[in-house]
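A.B. asks: One structure follows; several queries about it will come next.
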Amino acid sequence: MKQYQPPADLLKERIILVTGAGGGLGAAAAKGFAAHGATVILLGRTIRKLEDTYDAIEQAGHPLPAIYPMNLEGAAPKDYAELAATVEKEFGRLDGLLHNAATQGQLTPLSQYSIELWSRVMQTNLNAPFMMTAALLDLLKASDDASVVFTTSEVGRKGRAYWGAYGISNAACENMMQIWADELEVNTRVRVNSLDPGPARTNMRAHAYPGEDPNTVPLPEELMGPYLYLMGPESRGITGQQLNA
């Protein structure tokens, strides 16, 4: 999938919501989706960063995106209901949902992990994508070809020392993805998969590996092939899969 060469109009007229769209992989995915014809809903907590992504898409001449500020750490069920109502009013359906927003928490032994920080990480990384998917499910079902993608990590597929709540929340999301996929495979046109993009030159990566030379790590824009493939029609029939870029 990394070498996938998508057609220019791959995502024409599709409506795709991207969480964490203000930077890193989320911003790169939003720009990539827009470059291939999608109208992208940019969701994140920092308006300035969302505006930067918006401006880049607008200046490139791609379909104008929408901005939806939302702090996943503090969002409650009513906030997701309001999100769904807004998307339904403005677009009537949702063709794609990329769960990309995440917080790393602290790299420390589990025995020393802060309970407060644990709860915050789980709220953003696990509870938020669950509540969002549930709230947006009817809009996804209204699409002729809907795709839900969870950005994940290798530490969510095999436990590794010191990755704490981040690793465990990723592992839980992998299982949740498979449950959603199994439940939606019959009688819906919604497919659900997870994707481990591998190392990417992001702020989260720099925080986790402060001694690493960033020039040895690919830019997020270099990893978009698999995301485009999974959001496009050529991945129809692929669901419940834990994929690696």
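A.B. asks: Highest first, please rank the peptides 135-144, 55-64 by the mean number of other Cβ atoms sitting within 10 Å of their residues.
C.D. replies: 135-144, 55-64
A.B. asks: Still on this structure: Using the heavy atoms of the protein chains and a 1.4 angstrom probe, tell me the accessible area per residue for the range 1-130 in square angstrom.
C.D. replies: 48
A.B. asks: Classify the range 48-95: rounded, prolate or oblate, from the alpha-carbon gyration tensor (a ≥ b ≥ c, eigenvalue square roots; a/c under 1.5 rounded; otherwise prolate if a/b is larger than b/c)?
C.D. replies: It is oblate, given that a/c is not under 1.5 and a/b is not larger than b/c.
A.B. asks: A further question follows. What do you get for the angle between helix 47-59 and the principal long axis of the chain? Use alpha-carbon atoms, 0 to 90 degrees, nearest ten.
C.D. replies: 40
A.B. asks: For Leu94, list long-range residues whose amide hydrogen, built 1.01 Å from N in the peptide plane, is under 5 Å from its own amide hydrogen.
C.D. replies: So Leu94 has HN proximity to Leu140, Ala142, Ser143.
A.B. asks: Specify the angular offset, from 0 to 90 degrees and rounded to the nearest 10, of the alpha carbon long axis of helix 164-184 from the longest principal axis of the alpha carbons in the chain.
C.D. replies: Relative to the chain, helix 164-184 is tipped by roughly 30 degrees.
A.B. asks: Using Cα-only point scatterers and the Debye equation, what is log10 of I(q)/I(0) for the chain at each q in 0.12 Å⁻¹, rounded to two decimals?
C.D. replies: -0.64
A.B. asks: Which of the pairs Lys78/Lys141; Lys12/Lys89; Lys49/Lys158 have their Cα atoms more than 29 Å apart in this structure?
C.D. replies: Long pairs (Cα-Cα over 29 Å): Lys49/Lys158.
A.B. asks: Listed highest first by mean packing, meaning other Cβ atoms within 10 Å per residue, what order do 167-177, 111-121 come in?
C.D. replies: Result, highest mean first: 167-177, 111-121.
A.B. asks: Calculate what fraction, in whole %, of the accessible area of the chain sits on carbon and sulfur atoms when a 1.4 Å probe is rolled over the protein chains.
C.D. replies: Within the chain, the accessible surface is 49 percent carbon and sulfur.
A.B. asks: Let me ask another. Based on the mean of other beta carbon atoms within 10 Å per residue, what is the order of 187-193, 128-134, most packed first?
C.D. replies: 128-134, 187-193
The values are calculated or read from the model by the stated rules, or taken from the named source; none is laboratory data. Note that the structure is a prediction, hence the values are computed from the model and not measured. A quick note on method: Cβ atoms are made from the backbone with ideal geometry, for glycine too, and the neighbour counts reach across all protein chains shown. Note: accessible area is taken over every heavy atom of the protein model, side chains too, but ligands, DNA and RNA are not part of it. Shrake-Rupley method; radii C 1.70, N 1.55, O 1.52, S 1.80 Å.
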